Amino acid sequence: MGLIKAAISSVTSSLSDTWKDYFVCESLPAGVLMVKGVKKGAGLFDKGDVITNGSGIVVADGQCAIVVDDGVVVEVANEPGNYTFDTSKSPSIFDGGLQGLKDTFAEIAERFTYGGVTNKSQYVYYINTKEITGNMFGTTSPIPFKVRDPKMNLELDVSLKCNGEYSFAVTNPILFYKNVAGNISTNYTKDALANQMRTEMLTALQPAVANLSNLGVNSYSDIPFHTMELVDTLNESLSNKWSDLRGISIVSLGINSITPSQADLERLQNMQEAYTMKDQQMAAGAMAAAQAQAMRDAANNANGAVAGFAGVNMAAGATNVAAMYQNNQSGDNSGGYCPECGKPVPAGAKFCPSCGKALQ
């Protein structure tokens with residue numbers, strides 16, 4: 001038996017009249033992955049579960065029609081058009097470029113040619129090959145990620161949580177029929193597979209995110225810009241269970257938010273602040289801001305803490321801030337102030353005359 005491509009245009013009433021039976025599938029909703037084809041018009045003698053020689057099969061965009069004979073896929077049509085079922089022809093396949101479909105079809109051991117007479121069951125199934133969107137995910141446990149900052153010479157393991165959504169598509173309808181949907185009576189929806197796929201995808205997400213660090217992604221905030229790398233890694237990781245077993249592949253993945261734990265975020269912020277303070281200008285600015293805030297807080301204290309605050313060597317603190325600015329600006333210790341004690345230093349001095357700090 002085989003399929004002969006009858007026409008490229010959609011089926012017309014005159015064309016359907018020339019067929020013994022014909023099968024048409026309406027537009028498949030996004031959540032429906034496979035439906036069983038229904039005869040739209042039967043010949044004078046309906047043969048029940050047998051497809052009459054000369055019957056028509058209509059395939060629309062985003063669909064793949066397969067003919068199943070006693071549980072074995074014997075015909076495949078993934079290219080849009082009208083096909084005539086001819087029992088005198090050899091088994092045929094119109095793959096439309098679907099991934100690995102010809103190889104899978106070639107592995108089917110049995111081929112049948114009945115000459116129009118058989119006592120076995122024959123059905124047409126339509127499989128949705130469009131991108132199936134809106135599949136939400138969210139991590140229930142943290143994902144480890146290594147943060148690197150070459151400027152700070154920092155390497156820190158953090159725990160991330162993220163959520164988003166992904167899309168997938170049936171890329172090998174034969175495997176999908178054989179190993180997932182099977183001999184359904186009406187339709188097969190993504191809900192029947194959603195929980196299992198979500199669990200497996202989240203399991204694969206952890207090493208996929210870790211692999212981004214190996215690819216040179218140094219910050220967790222940059223991960224959303226590398227979703228295609230994530231998709232490639234996920235498909236590779238899931239190939240045994242999804243592509244090779246079920247004929248399904250991830251098409252795209254979007255991340256709505258990705259955040260470290262509060263403890264990791266505080267650690268990162270503290271390290272970044274400490275690194276910033278290596279610059280004396282920045283350190284002096286931070287010290288001046290802290291002193292100014294302390295003075296404001298003391299001034300607002302109803303118990304008269306201003307006098308107490310003024311007695312805790314506030315003037316010396318202000319001198320130290322000035323010394324930090326002066327030292328950063330002079331650079332070569334040509335005069336200015338000692339960075340250790342804040343006292344004046346003569347130009348060209350190698351040691352502070354007050355505290356003995358080495359200046360050059």
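Placing +1 on each Lys and Arg Cβ and -1 on each Asp and Glu Cβ, with no other charges, gives segment 139-213 a dipole about its Cα centre of roughly 60 debye.
When the surface is traced with a 1.4 Å probe over the full set of protein chains, Phe176 keeps roughly 0 Å² accessible. One chain, two ends: Glu200 and Asn240. Fully extended at 0.36 nm per residue, the span grows by 13.3 nm beyond their Cα-Cα distance. Computed on protein heavy atoms with a 1.4 Å probe, the accessible areas place Glu236, Glu79 in the order Glu236, Glu79, largest first. Taking packing as the residue-averaged number of other Cβ atoms within 10 angstrom, the listed peptides 203-210, 26-33 run from highest to lowest as 203-210, 26-33. For the residue pairs Lys146/Lys357; Lys40/Lys241; Lys39/Lys190, the C-alpha atoms sit more than 28 angstrom apart in Lys146/Lys357; Lys40/Lys241.
Here segment 156-250 has 45 percent of its accessible surface on carbon and sulfur atoms, given a 1.4 Å probe and all protein chains in place. Under the classification rounded if a/c is under 1.5, otherwise prolate if a/b is larger than b/c and oblate if not, where does segment 132-209 fall, given a ≥ b ≥ c as square roots of the Cα gyration tensor eigenvalues? Prolate shape, in that a/c is at least 1.5 and a/b is the bigger ratio.
The values are calculated or read from the model by the stated rules, or taken from the named source; none is laboratory data. Quick caveat, the model's predicted, so the values are computed rather than measured. Please note: Cβ atoms are built from the backbone with ideal geometry, for glycine as well, and neighbour counts cover all protein chains shown. These area figures cover heavy atoms from the full protein model, side chains too; ligands, DNA and RNA do not enter into them. Shrake-Rupley method; radii C 1.70, N 1.55, O 1.52, S 1.80 Å.
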